[in-house]
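Scroll down for the structure; my scribbles are underneath it.
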Amino acid sequence: PQRKYWYTSRANDMKMPKSQQAAVARYILFDQLYEHKMEMVLGPLYEFEHMLEARADKMMESAQQYLDLVAYFLIAATALFMISSVGLVMYLMSKILDLRAGSMTEESILSNTHNQTTYRVAI
């Protein structure tokens, strides 16, 4: 595309009326050649931007999947830890109560004072 108006000289442009100067300036800035050049420059940039966004989206999706996997692993590990902790506490309590019960005689069990102090210490 060829431009109808083009810069000739400052002195020549200053001789034109202000409205014509504005029309020439608008024409130079927004004519078909300008649109064509902008399209030639921005086209590859837009294409690169779309490729970059697609790559970033894929990377973000894979990172999100990895984080989801880590979160599920941590949830499972926490649940396993809690279950094993409760089981360990129950096992230790049963062993302590078994030792206390094994060390008592029938007479000491039937006496109130010894019975209360023993269970206070055991629990």
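The values are calculated or read from the model by the stated rules, or taken from the named source; none is laboratory data. In this text, all values refer to a predicted model and were calculated from it rather than measured experimentally. Here the Cβ positions follow ideal geometry from the backbone for every residue, glycine too, while neighbour counts run over all protein chains shown. All accessible areas refer to the heavy atoms of the entire protein, side chains included, with ligands and DNA or RNA removed. Shrake-Rupley method; radii C 1.70, N 1.55, O 1.52, S 1.80 Å.
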Original post:
Stretched out fully, how many nm does the piece from Phe81 to Ala56 gain, at 0.36 nm a residue minus the Cα gap?
Top reply: 5.3 nm
**OP:** Compare the peptides 45-51, 24-30 by average per-residue count of other Cβ atoms within 10 angstrom and give them in order, highest first.
**Re:** 24-30, 45-51
Subject >> Accessible surface ranking that places the most exposed of Lys95, Lys18 first, with a 1.4 angstrom probe >> reply: Lys18, Lys95
**OP:** Obtain the nm distance between the two label points defined at Tyr27 and Asp13 by a simple spin-label model: each point lies 7 Å from its Cα along the Cα-to-C-beta direction.
**Re:** 1.4 nm
Original post:
What's log10 of I(q)/I(0) for region 49-88 at q = 0.19 Å⁻¹, Debye sum over Cα points only, no solvent?
Top reply: -0.62
